[in-house]
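All remarks here apply to the structure that follows.
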Amino acid sequence: MSPQDRPSRTTEAFFGRRRGKPVRPQQAAALESGLDAYRLDLTADAPSDLRTLFETEVSAVRLEIGFGGGEHLLHRAIEAPTTGFIGVEPFVNGMAKMMMAVRARPLANLRVHDDDATRLLDWLPPASLDGIDLLYPDPWPKKKHWKRRFVSPVNLERFARVLKPGAKFRFASDIDTYVNWTLLHCRAHGAFAWQAAEAADWHRPYEGWPGTRYEAKAIREGRRPAYLTFVRK
């Protein structure tokens, strides 16, 4: 997608702060070397076949937006070495934690982007992804901030453009208003079919789900997570 064709970013600010506690020297070193090895170069044209981005042969490519500390992304990348994974996390501390993990266990089927996910989505070629995971995104609970929620008409259009027909968009959250928001927006968009045969389906974790620290916190605080799956029509 050429720069002039990309959707306007003037009101898009889907993530909060970029930094938390200062990273330790060891983390900083892992972050620098890790980004050199795993970061995608969005100044270059995206390849028509995303599988060529990886150091190993992969048969599919999935994207996780906002991977936090990387627990889920690491688990998936390790259990599925023939799938390529792209992880997005603009929060420096989360990316540093991830780079520490891959320094201890390098992954040839991983690439990362440490900035706004919309930049990556606009860079990707059409119908190039086999799946997108958006797990426990910032709910922006105040009504005046709802426009900052990542699930929106413009971002669902981005998802629809880059997902292959039959590919899955998976969304998990413990915030009821954001779950309902996502259901309504996906239904209104029209390119996504919600996969749920019965009420219990959307409270059942995904197959092979390792859990995340955000999920554990939600459960401790008495909130019930929901796991939604939509198929690109």
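For region 186-202, which positions are surrounded by 16 or more Cβ atoms within 10 Å (Cβ to Cβ), over 18 Å from the mean Cα position of the chain (by Cα) and part of a helix (DSSP H, G or I)?
His189, Trp202
Here is a list: Phe159, Phe91, Phe171. Which entry is closer than 28 Å to Glu57 by Cβ, buried (at least 19 other Cβ atoms within 10 Å of the Cβ), in contact (Cβ under 8 Å) with a residue 24 or more places away in the chain and aromatic (Phe, Trp, Tyr)?
Residue meeting the stated conditions: Phe159.
Six or more apart or on different chains, Cβ atoms under 6 Å: show the pairs whose first residue is in region 186-208 and closer than 26 Å to Arg158 by Cβ and whose second is in a loop (DSSP other than H, G, I, E, B) and among the basic types (Lys, Arg).
From region 186-208, the pairs are Ala191/Lys233; Ala193/Lys233.
For Asp45, state whether it is part of a loop (DSSP other than H, G, I, E, B), of a type in the set (D, E, K, R) and closer than 19 Å to Arg158 by Cβ.
Yes.
Listed here are the residues, each with its yes/no results for (1) under 22 Å from Gly208 (Cβ atoms); (2) among the aromatic types (Phe, Trp, Tyr); (3) part of a loop (DSSP other than H, G, I, E, B); (4) modelled with pLDDT of 95 or more.
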| residue | (1), (2), (3), (4) |
| --- | --- |
| Gly84 | yes, no, no, yes |
| Ala96 | no, no, no, yes |
| Leu107 | yes, no, yes, yes |
| Asp122 | no, no, no, yes |
| His145 | no, no, no, no |
| Gly166 | yes, no, no, yes |
| Leu183 | no, no, no, yes |
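Answer yes if at least one residue in region 56-67 is modelled with pLDDT of 80 or more and assigned to a helix (DSSP H, G or I), and no otherwise.
No, region 56-67 contains no residue that is modelled with pLDDT of 80 or more and assigned to a helix (DSSP H, G or I).
Within region 51-74, take every residue that is farther than 17 Å from Asp138 by Cα and small (Gly, Ala, Ser) and give me the one that is most open to solvent (accessible area, probe 1.4 Å).
Ser59
Could you tell me which numbered condition Gly84 fails, if it satisfies all but one of (1) free of Cβ contacts under 8 Å to residues at least 40 places away in the same chain; (2) closer than 17 Å to Glu55 by Cβ; (3) open to solvent by 20 Å² or more (accessible area, probe 1.4 Å)?
Status for Gly84: all satisfied but (3).
Identify, by number, the condition in (1) farther than 24 Å from Pro165 by Cβ; (2) open to solvent by 40 Å² or more (accessible area, probe 1.4 Å); (3) under 17 Å from the mean Cα position of the chain (by Cα) that Met98 doesn't meet.
For Met98, the exception is condition (2).
Filter region 132-147 for residues that are touching a residue at least 40 places away in the same chain (Cβ under 8 Å), more than 14 Å from His185 (Cβ to Cβ) and open to solvent by 60 Å² or more (accessible area, probe 1.4 Å) and give the result.
Result: Asp138, single match.
The values are calculated or read from the model by the stated rules, or taken from the named source; none is laboratory data. Keep in mind that what you see is a predicted model, and the values were worked out from it rather than measured. Positions of Cβ are generated from backbone atoms using ideal geometry, with glycine treated the same way; all protein chains shown enter the neighbour counts. Areas reflect the complete protein model, heavy atoms only, side chains present, ligands, DNA and RNA absent. Shrake-Rupley method; radii C 1.70, N 1.55, O 1.52, S 1.80 Å.
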